[in-house]
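Okay, handing you the structure first.
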Amino acid sequence: MARPFKEAFTTMRRTPYQAVGAILVLFITFFVAYAFSFLLYGSEIVIRYFETRPQVTAFFKQDTKDQQVQAIQEDMQAKPYVAKVKVITKTEALSLYKQESKQDPLMLELVTADILPASIEVSGKDIQSLEHIEQDLQQYSESIDEIVYQKSMVDSLARWTRALRMIGIGVVGIMALTSVVVMVIIISMKVAMKKNEIAIMRLLGATSWYIHAPFVIEAIMYGFFGSMLAWGTVVLGLLYSTPWIIDFFGEIPVFPVPWQMYALQLAVGVGISALLGVISTSLALKRFTK
Amino acid sequence: MIVFTNVTKQFPTGQVALDDVSFEVEPGEFVFLVGESGAGKTTIMRLLTKEMSPTQGVVSFLQKNLAELKKHAIPYLRREVSVVFQDYKLLPDRTVEENIRLPLEIAGKTAAEMKQRVDDLLDLVGLAEKKLHFPVQLSGGEAQRVSIARALAIGPKVVFADEPTGNLDHESSLIIGKLLHKIHELGTTVIMATHNMDVVRALKKREIHLHKGKIVKDTKKKEHPHHKEEKVEHTQTDKKEEKKEEDHGKAI
C-alpha cells in the first residue's frame, strides 16, 4: 500500500500548481459546507431555545387576587400539553426588573412593585401547543390583561432555517460538482500524461488496481487536504469570533459547541472528500484507460 | 503449451491479419516467426497476450482457451507470457534498474527479492555497470537488453520477442539473438518474431514463416517424416553452437 501513496505524493510534488489548484477548490467547497453546517447547527439551537422557553406569557390585571392567580396556575398545570407553569409575582417582577436595569439607577428609582403586573409563564410541550395555551388563558379575561407568545417568531425562524438548509445544500452541491469536474480535469491530464506508462504496465501484467491506485490516492489526498484545511479554518474562525457570537446571541446558549459536533463534522468531511476523490478518479480513468 | 487452432483475425476495417492459422509450441521450444511487415507476427503476439481476441478459432495457453479468460485474469497471463518489443518500451523517466524492477513491483515482490533478481538479470544481460543510467543514455542494443531483462524479471514461461532486432545494427542483432538463445537454454520458451534472416540462420531453430496472414512454412512440420535423424543432426550442431554461444554469453 506504500507504493500508491509514494507515487501520489511524488506526482503532487511534481505538479504543484495542479495540486494547489485542486486543494483550493476543495477547500472552498468544504469551507462553505462546514460554515453552513455550523450555521444550521446554531439555528437549530436558537429554535430549540425559543421552543423550550416559557412561550406564552400572560400579564394579570393589577387588581387580580392571589387566589385567582393560583387557580389559573393549577388549571394550566393540569393540561396535558403544558410542560411548565411559572408565576411571577409583583415582587419577583420588581426584582427581575432591578436585575436587568441595575446600570440605570434613575429607572430603578421610578419603578415600584405596584406598577409592575404579576404574570404567568406557560411552556408548551411543543410548538403546536402554544395556540391551545393561548386559548385557555383567554378564558380568564377577567383576570388577565394581556397575552404574549412567540409562535410567529419561532415559525419564521424555522422557515428561515429550512430556507438556509435548502440554500446550503444547493450551494454545497454546486460547489461539490465543480470540485469533481476540476478534479476530473486534473486527474485526466495526469492519466493522459502517463498513457504510455500505463500501456506498458498493462503489458507487463499490472492489474487495474495497481495502475489506478496512485490516481485514486492522489484525488483522495486533494480532498483530504482541502477538507482538513477548511475544517481548521472554520473552527479557528469560530473560536476567534466566539466573544462576538456570544454577545450577538445573548442568553441563547449556542456555546460551547460539543466536541462530538466537531468530530462528526470532521469524520463526515473526510468521508465525503474521499468519496469525491473516488468519483472523480473513476470518471477520469473511465475516459482515458479504456 | 501454446496452441493456435484455425485462428483468423480480421480487423473492423476488413483487413485480415491472420487467416486460418494453426500451430503449436511445446514447452522449452525456441521458435522463429518469420515474415515481412504485415505478415501477422505481431497479431500472434497480441492474441497470445490477449490484447485482442481472434475473429475465429481458438488460442490456448497451458490448455486454457484464452477466449474464456476473465478480464481480471489477463494481467496474470501477461506475467506468464512476457513480451520484448521492437521499440523497447522502456519508461524514460526510470533508470535501467527501475525499469527491470517494474514487473517485480507489479508482482508484489519484496525489496530483497527485487534487488537480488535485478542484480542477477543485469549480470545476465551484461549491463550491471549501467544500472543507474536512463534509457536515453543507452545504445539501441543496450536498451533492448534492458527490455529483455525486464521481460525475464518475473520468470515467465514464455518470452515473445516481437522484432527485437528491428531497430538494431547487424552486430547488436546477433548479440540479442544469442541472448535470447541463452535464455531459452535456461529453460524459457522463446518465440521470436523477426524478418532478420541473419539471426534466424545463425541460431538454426524452428521457423514458422508467415505471408499475408497465412503460415507458408513450418520447419517442424517439414522435418516430421525424418524427425529422429534430423533431430540427432540438429542436436549435434546445436551442441557446437551452444558452446560458441556460451562463450559469447560470457563475453556479454
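To the nearest whole number, what is the average tally of beta carbon atoms from other chains within 10 Å of the beta carbons of peptide B:70-76?
For this peptide, the per-residue mean of nearby foreign Cβ atoms is 3.
For residue B:217, what residues show an amide H to amide H distance below 5 Å, using hydrogens built from the backbone and excluding near sequence neighbours?
HN-HN under 5 Å from residue B:217: B:209.
Moving on. Using 0.36 nm times the number of residues separating residue A:106 and residue A:49, minus their current alpha carbon distance, what extension gain do you get?
Details: separation 57, 0.36 × 57 = 20.52 nm, distance 3.26 nm.
Working it through step by step, the gained length comes to 17.3 nm.
Once a ≥ b ≥ c are taken as the square roots of the eigenvalues of the Cα gyration tensor of segment A:60-110, is the result rounded (a/c under 1.5), prolate (a/b larger than b/c) or oblate (a/b not larger than b/c)?
oblate
Another question, then. Report, by chain and number, residues whose modeled amide H sits under 5 Å from the one on residue B:18, excluding near sequence neighbours (fewer than 5 apart, same chain).
B:9
So for the pair residue B:139, residue A:181, with labels modelled 7 Å out along Cα→Cβ, what separation do we get in nm?
Result: 5.5 nm between the two label points.
Hey, another quick one. Once the other residues with Cβ under 12 Å from the Cβ of residue A:281 are scored (Lys, Arg +1; Asp, Glu -1), what is the net sum?
+2
Here's something else I'd like to know. What are the ³J(HN,Hα) couplings of segment B:74-86, residue after residue, when phi is run through the Karplus curve with 6.51, -1.76, 1.60 and θ = phi - 60°? Round to Hz, x for glycine and proline.
Karplus-based 3J(HN,Hα) across segment B:74-86 equals 4, x, 6, 4, 6, 7, 8, 10, 8, 10, 10, 9, 4 Hz.
Take B:52, A:221, B:1 and order them by how many other Cβ atoms sit within 10 Å, fewest up front.
Starting with the residue having the fewest Cβ neighbours, the order is B:52, B:1, A:221.
With a sphere of radius 11 Å drawn around the Cβ of residue B:200, what net charge do the other residues whose Cβ falls strictly inside it have (Lys, Arg +1; Asp, Glu -1)?
+2
Give me the extension gain from residue A:96 to residue A:127: residue separation times 0.36 nm, minus the current Cα-Cα distance, reported in nm with one decimal. Walk me through the intermediate numbers first.
Working: separation 31, 0.36 × 31 = 11.16 nm, distance 2.62 nm.
Extending this stretch completely gives an extra 8.5 nm.
Moving on to the next point. If I take R0 = 25 Å and measure r between the Cβ atoms of residue A:189 and residue A:167 in this structure, what FRET efficiency does the formula 1/(1 + (r/R0)^6) give, to the nearest 0.05? Intermediate values should be presented prior to the final figure.
Working: r = 33 Å, r/R0 = 1.33.
Once the sixth-power term is evaluated, E becomes 0.15.
Starting with the fewest neighbours, write out B:79, B:201 ranked by other beta-carbon atoms found within 10 Å of each beta-carbon.
Result, fewest neighbours first: B:201, B:79.
Here's a follow-up. Let me make sure I get this right: for chain B, a, b and c are the square roots of the gyration tensor eigenvalues over alpha carbons, sorted descending. Under 1.5 in a/c it's rounded, otherwise prolate if a/b > b/c, else oblate. Which is it?
Here chain B falls in the oblate category.
Would you mind counting up the charge near residue B:140? Only other residues with Cβ under 12 Å from its Cβ, with Lys and Arg at +1 and Asp and Glu at -1.
Net charge in that neighbourhood comes out at -3.
Starting from the Cα of residue A:24, move 7 Å in the Cα-to-Cβ direction to define the label point; list residues of segment A:201-237 whose amide nitrogen is under 13 Å from there.
Under 13 Å, as judged by backbone N against the label point of residue A:24, lies no residue of segment A:201-237.
What shape does segment A:73-164 take by its C-alpha gyration tensor, where a ≥ b ≥ c are the square roots of the eigenvalues and a/c under 1.5 counts as rounded, a/b above b/c as prolate, and the rest as oblate?
Oblate, since a/c reaches 1.5 and b/c is not below a/b.
Follow-up question, since we're still on this one. With each label point set 7 Å from Cα along the Cα-Cβ vector, what nm distance links residue A:61 and residue A:17?
A separation of 8.2 nm, rounded to one decimal place.
Would you mind giving the mean number of other chain beta-carbons within 10 Å of the Cβ of each residue in A:192-204, as a whole number? Mind showing how you got there, number by number?
Details: counts 0, 0, 1, 0, 3, 6, 0, 2, 8, 6, 6, 11, 17.
If you average over the peptide's residues, the count of other-chain Cβ atoms is 5.
List every residue whose amide H lies under 5 Å from the amide H of residue A:84, counting only residues 5 or more places away in sequence or on a different chain, with H placed 1.01 Å from N in the peptide plane.
A:123
Got a sec? How would A:279, A:133, A:88 order by Cβ neighbour count within 10 Å, fewest to most?
Taking fewest neighbouring Cβ atoms as first place, the list is A:279, A:88, A:133.
Looking at the protein assembly as shown, what % of its DSSP beta bridges pair antiparallel, to the nearest 5?
Around 65 percent antiparallel, to the nearest 5.
Which distance in nm do the two modelled labels at residue A:7 and residue A:84 give, with both placed 7 Å along the Cα-to-Cβ direction?
Reported label-point gap for residue A:7 and residue A:84 is 6.2 nm.
While we're here: To the nearest 20 Debye, how big is the dipole of segment A:54-149 about its Cα centre, given +1 on the beta carbon of each Lys and Arg and -1 on that of each Asp and Glu?
About 280 debye.
Any read-out appearing in this document is the output of simple, stated calculations on the displayed coordinates, not a laboratory observation. Just so it is clear, the structure is predicted and the values come from calculations on it, not from any experiment. When we count neighbours, we look across all protein chains shown, and the Cβ atoms used for this are built from the backbone with ideal geometry, even at glycine.
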